[in-house]
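What follows is a single structure, written as structure tokens, with notes after it.
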Amino acid sequence: MITGAKKENSNCINLIYIISLVFVLYVLKPVVVPIIIAIILSVSVFPFVNFLERKLHFNRIISAASAVFLLSLLVFAIITFIGFQLSDILEKGQLYAIKLSEVYNTLAGNFEKYLGISKNELSLKKINLGDTLKDNFSSVINFLSLSGSFFADVVLIPLYMFFLLIYRKFFKSFIYRAFSKDGNTLKAKAILSKLYEVQQNYLIGLFLVMGIVGILNSIGLLLLGIDNAIFFGFLAALLLLIPYIGIIIGSLLPALVALATKDSLWYPVGVIAIFAFIQFIEGNFITPKITGSKVSINVFVAILSIILFSMLWGTAGMIVALPVIASLKVIFDATPELKHYGFLIGEPLDEHLRSNARVRLKIWKKIRAEKQIKRYIKF
């Protein structure tokens, strides 16, 4: 009875700890999320920093500042390019709105003709899509630019990266002191090395997958003759930062453009079909082949983590969900008390996916083969 009561108290305490941790992470989102993003980006640029320090003999401060500056410049160039392309598309918003209105009227007529649903029941408030987008685009950009959190992230993330890179040995020493028992740092070093390997593997794999998916998307859109095919193709690939659903979101804009610029409804259907096929190829062949087994998270946990982190931190949570879960798996696997959680997060073995019928069939074939061998031996 006493042992059972102790277990119940322990479970209650653990539950309180978890709830408290989630609450703290939610409240401290403006602080925690930029730091997590800075850590992930620091891992991505560390090979370049290491090259500058070891091969070119740069000072550590200059190496870190150069890496952060080049990465910031690259991100700024990508955002600027996307902004110019979207502005160009919005210039054609009036033409797209007219065409979409015609498509709507055609569809409404078909509903009325074949399903008996009148146009009045399907009528929508008349909106000039082109003017609406043009009038509000600059307001949205200004809002984002003046947003305190956005401005803070733009400034703080590079700043955090800079200090993480120049103080990396200092932080490593702190981790060794905090988590090493009896001065033995081997386990802490092994965990840190594995965490770095997992993050580096995930980031390199993600960038390669983005490039391949962007090329495949662009080829598919070019074959359909969609305007701005290369831009839409790589924009959807960039949205792979949001796993599983990013490329689906990226297919909506070219599908609308196809609906507005093409005479057949099969073109937008074709766009969505091509993106869905590429999503299938990416999820089942490209990503597993490139990323390999080092980031071994099963699909169910991955999707669940994306949902939970999006509830906790919004879009930023969806982006950092998989790297955070992959890091937690490394920590769980290295901690005896938490190994079962690492097992739950990881990929299931083949034996866990086999049906009982297949197992019985395999055993029956083995028994039959043994009987045949015995018969041959008798003869």
Requested in this report: Quick one: what are the phi-derived ³J(HN,Hα) couplings along segment 308-322, Karplus 6.51/-1.76/1.60 with θ = phi - 60°, whole Hz, x for glycine and proline?
Outcome: 5, 5, 5, 5, 7, 10, x, 4, 4, x, 5, 6, 8, 4, 5
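Of the listed peptides 243-253, 17-27, what is their order by residue-averaged count of other C-beta atoms within 10 Å, with the highest listed first? Each step should come with its number before you reach the end.
Details: 243-253: 18.1, 17-27: 11.1.
Per-residue mean Cβ counts within 10 Å order the peptides as 243-253, 17-27.
Using a Förster radius of 35 Å, what is the FRET efficiency between residue 338 and residue 76 based on their Cβ-Cβ separation? Nearest 0.05, please.
On the way: r = 41 Å, r/R0 = 1.16.
In this case the efficiency is close to 0.30.
Once you list every other residue whose beta carbon is under 13 Å from the beta carbon of residue 50, what net charge do they have if Lys and Arg are +1 and Asp and Glu are -1?
On the way: positive: 54, 55, 60, 168, 169; negative: 53.
Within the 13 Å Cβ shell, the charges total +4.
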Query raised in the report: In nm, what is the difference between 0.36 nm times the number of residues separating residue 368 and residue 69 and their Cα-Cα distance?
Result: 100.8 nm
Query - Summed residue charge, Cβ within 14 Å of residue 271's Cβ, Lys/Arg positive, Asp/Glu negative - result: 0
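How far, in nm, would the chain grow between residue 324 and residue 55 when pulled straight, counting 0.36 nm per residue and subtracting the alpha carbon separation?
Details: separation 269, 0.36 × 269 = 96.84 nm, distance 3.17 nm.
Value of the extension gain: 93.7 nm.
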Report summary line: Zone reached by a paramagnetic label modelled 7 Å from residue 280 Cα along Cα→Cβ, restricted to segment 230-273 with backbone N below 16 Å, covers 248, 269-273
Requested in this report: Inverting the mean 1/r over all pairs of different Cα atoms, compute the Kirkwood radius of segment 273-337 and quote it in Å.
Outcome: 13.2 Å
Report summary line: For segment 51-94, the accessible surface attributable to carbon and sulfur atoms (probe 1.4 angstrom, ligands and nucleic acids excluded) amounts in percent to 74 percent
Report task. With a point put 7 Å past each Cα toward its Cβ, work out how far residue 95 is from residue 315 in nm, to one decimal. Result -> 2.8 nm
Query raised in the report: Given R₀ = 35 Å, FRET efficiency for residue 62-residue 190 by Cβ-Cβ distance, to 0.05?
Result: 0.65
Query raised in the report: Residue by residue through segment 226-243, which ³J(HN,Hα) values in whole Hz follow from phi under the Karplus form 6.51 cos²θ - 1.76 cosθ + 1.60 (θ = phi - 60°), with glycine and proline marked x?
Result: 7, 4, 6, 4, 5, 4, 5, x, 7, 5, 5, 5, 5, 6, 5, 4, 9, x
Query raised in the report: Quick one: accessible area per residue over segment 273-347, 1.4 Å probe, rounded to a whole number of Å²?
Result: 53 Å²
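The values are calculated or read from the model by the stated rules, or taken from the named source; none is laboratory data. Keep in mind the model is a prediction, meaning the values are calculated, not measured. FYI the Cβ positions are ideal-geometry reconstructions off the backbone, even for glycines, and counts take in every protein chain you see. When the accessible area is computed, the model is the full protein with side chains, heavy atoms only, and any ligands, DNA or RNA have been set aside. Shrake-Rupley method; radii C 1.70, N 1.55, O 1.52, S 1.80 Å.
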